[in-house]
Amino acid sequence: MSDSPAKRALLDPIVDDNPVTLHVLGICSALAVTTSLLPSLYMCVALTVVASLANASVSAIRKVLPGSIRIIVQMTIIASLVIVVDESLKAFAYETSRELSVFVGLIITNCIVLGRTESFGSKNPIGLSFLDGLGNGLGYSVILILVATCRELLGKGTLLGYTILPNVADGGWYIPNGMMLLPPSAFFVIGLIIWAVRTWKAEQVEEQEYRIHEVHRTEAH
Amino acid sequence: MPEVRKQPVKRESVPRTLLVAFFVSLVCSSLVASAAVVLKPLQVANALLDVRKNILEVAGLMEPGADVNALFAAIEARVVDLETGAYVDDVDPETFDPVRAKRDPELSIEVPAELDVARVGRRAKRARIYLVREDGEVTRIILPVSGYGLWSTLYGFLALEPDGNTVADIVFYAHAETAGIGDFVTKAAWRARWPGKRVYDEEGALRLEVFKGRATADDPLSDYRVDGVSGATLTGNGVTNLIRYWLGDHGYGPFLRNIRGEES
């Protein structure tokens with residue numbers, strides 16, 4: 001990684017400081033919308049737009065923002081941006097917006113957005129905050145796309161609606177795994193991704209808070 | 001936003017807090033309001049397109065990737081007076097607004113409580129129905145229906161064969177039933193159970209219903225019974241109720257009697 005702060009703000013959250021795999025945030029929407037790839041892509045765009053603009057806006061008023069109302073002001077900004085994004089989806093991507101239903105609205109409660117505005121946007125300059133929001137949105141997107149690809153491919157044999165693995169029902173050879181379309185499978189896939197990332201980047205493994213102590217027979221009296 | 005200077009007003013003072021809260025609210029509310037106003041026409045157009053797509057679907061004319069509005073031109077809209085069951089020609093079916101008619105006390109009536117099984121509340125005196133024609137002959141009659149399920153009002157279209165008695169298809173395009181359970185009403189597998197079912201028996205009594213359990217072949221009523229979905233009985237009952245109301249005497253009953261050519 002380069003040491004330029006802008007590049008670090010943008011690129012670190014993609015693998016080294018990923019909001020989903022390292023901080024395990026934003027899991028609810030990752031479980032809900034990832035049954036197929038297309039709604040997941042829209043969800044990624046929506047979250048990335050909200051995260052970067054909210055982070056930049058909070059940063060823009062960080063010097064005048066009184067500490068006593070800072071969380072509620074951040075929530076107001078995030079909520080407004082989410083409504084604008086939700087309304088735009090209803091206007092420009094009606095079908096997908098119906099499929100996403102409440103989950104775009106629930107970006108308001110996504111910990112990634114408030115987490116970044118509170119820990120980064122409220123302390124750093126506007127440009128850097130925008131890049132940090134963008135980077136975190138992209139980090140979330142990478143995981144969402146990976147999970148959605150696994151689930152749609154194994155669950156339906158398609159990607160973006162196009163048949164990749166021809167189903168037995170349509171005369172092909174692939175027996176779709178229906179479990180991949182149920183929310184628990186997203187847990188498994190995210191778990192496997194976290195395991196893979198932490199095997200590759202061992203420094204992300206958390207220190208155990210508690211270790212079972214092995215006691216020798218002779219000590220135990 | 002006020003200019004930030006080094007020494008003056010303390011950041012935490014009460015006036016400063018109120019001022020910041022006021023400006024943030026002002027900016028955010030105008031942002032949300034303008035987005036809602038600017039995007040409204042597009043959203044309305046999308047909703048209309050979606051309804052048309054569902055009408056084409058139930059008409060059996062929908063082709064994937066086709067231009068919905070072009071296909072929709074082939075469908076004839078007519079306005080029906082529900083009390084007499086006759087077509088009325090003094091309003092243009094294109095501009096007739098069923099939603100507004102339902103709200104207008106002049107153009108709508110209260111549904112008597114004992115008849116209101118589908119919890120419709122009020123209904124417009126007139127309804128817009130759709131006819132599909134092939135070489136001039138009517139091939140399907142499409143009736144808008146609505147009624148309360150478990151949590152929400154279901155909105156859909158029921159298509160009948162030209163005999164006014166045989167179900168051709170049914171779609172529901174708006175509801176808020178339990179996702180994964182009550183939303184079976186929109187599933188293709190359930191929709192496929194409807195075509196061929198009959199609405200009225202020989203005596204003209206309304207028999208069509210969603211049946212709890214599986215209708216067996218030797219059941220004399222199997223022609224009138226659509227299998228329900230276990231675990232979603234109340235949504236299924238809602239569908240039965242809306243059929244009972246809308247195809248009954250207070251709904252499209254008189255109109256369908258005219259179609260079947262029976263004396264009322």
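Here's how it looks for B:V88: its modeled amide H is under 5 Å from those of B:V79, B:V80, B:D81, which are all 5 or more places away or on a different chain.
Stretched out fully, how many nm does the piece from A:I126 to A:I175 gain, at 0.36 nm a residue minus the Cα gap?
Values: separation 49, 0.36 × 49 = 17.64 nm, distance 5.05 nm.
Additional length available on full extension: 12.6 nm.
Percent relative contact order of the range B:16-170, based on C-alpha pairs within less than 8 angstrom and at least six residues apart? Relative contact order of the range B:16-170: 17 percent.
Looking at chain A, identify the longest residue range that excludes and avoids all trypsin sites (Lys or Arg not before Pro) in DSSP loops having at most 15 other Cβ atoms within 10 Å.
Values: sites that count: A:K63, A:K123, A:K201, A:R211, A:R217.
Result for the longest clean stretch: A:124-200.
Projecting each Cα onto the charge dipole of the range B:75-260 (Lys/Arg +1, Asp/Glu -1 at the beta carbon, about the Cα centre), which of B:I141, B:G196, B:Y87 comes out farthest on the positive side? Of B:I141, B:G196, B:Y87, it is B:G196.
Could you tell me the calculated FRET efficiency between B:D67 and A:M75, based on Cβ-Cβ distance and R0 = 60 angstrom, to the nearest 0.05? Write down the numbers at each step before the final one.
Working: r = 43 Å, r/R0 = 0.72.
Rounded to the nearest 0.05, the efficiency is 0.90.
Largest mean-square fluctuation among B:D135, B:D92, B:D50, in a Gaussian network model of chain B whose springs join Cα atoms under 10 Å apart, belongs to B:D135.
What does the charge add up to near B:F72, with Lys and Arg as +1, Asp and Glu as -1, over the other residues with Cβ less than 15 Å from its Cβ? Show your work: numbers first, answer last.
Details: positive: B:R52, B:K53, B:R78, B:R128, B:R133, B:R140; negative: B:D50, B:E57, B:E63, B:D67, B:E76, B:E94.
My count for the surroundings of B:F72 gives 0.
Dipole magnitude of the protein assembly as shown about its Cα centre, charges +1 at Lys/Arg Cβ and -1 at Asp/Glu Cβ only, in debye to the nearest 20? Display every interim value, and only then the final one.
Working: 47 positive and 56 negative charges, 460 e Å.
Taking the Cα centre of the protein assembly as shown as origin, the dipole is about 2220 debye.
Roughly how many whole Å is it from the C-alpha centroid of the range B:108-154 to that of the range B:181-252? Comparing the Cα centres of the range B:108-154 and the range B:181-252, I get a distance of 16 Å. Would you mind working out the magnitude of the charge dipole of the range B:58-176 relative to its Cα centre, with +1 at each Lys and Arg C-beta and -1 at each Asp and Glu C-beta, to the nearest 20 Debye? With Lys and Arg at +1 and Asp and Glu at -1, about 560 debye.
Comparing B:S25, B:L39, B:I55 along the charge dipole axis of the range B:13-67, the residue lying farthest to the positive side is B:S25, per the Cβ-charge model.
Taking 26 Å as the limit for the C-alpha separation, the pairs A:K7/A:K123; A:K63/A:K201; A:K156/B:K197; A:K7/A:K201; A:K63/A:K90 exceed it in the case of A:K63/A:K201; A:K156/B:K197; A:K63/A:K90. Amide H contacts of B:K125 (H built 1.01 Å from N, in plane; Pro and chain starts excluded): B:S108, B:I109 sit under 5 Å, all sequence-distant by 5 or more or on other chains.
Where only DSSP H runs of four or more residues are counted, chain B gives -10000 deg cm²/dmol as its mean residue ellipticity at 222 nm, each run worth -39500 (n - 2.57).
Under 5 Å between amide hydrogens, built in the peptide plane, is the criterion, and for B:Y200 it picks out B:R207 among residues at least 5 positions away or on other chains.
Each reported figure results from applying straightforward, stated rules to the coordinates on display, with no laboratory input. The structure presented is a predicted model; accordingly, all values stated were derived computationally and were not measured. FYI the Cβ positions are ideal-geometry reconstructions off the backbone, even for glycines, and counts take in every protein chain you see.
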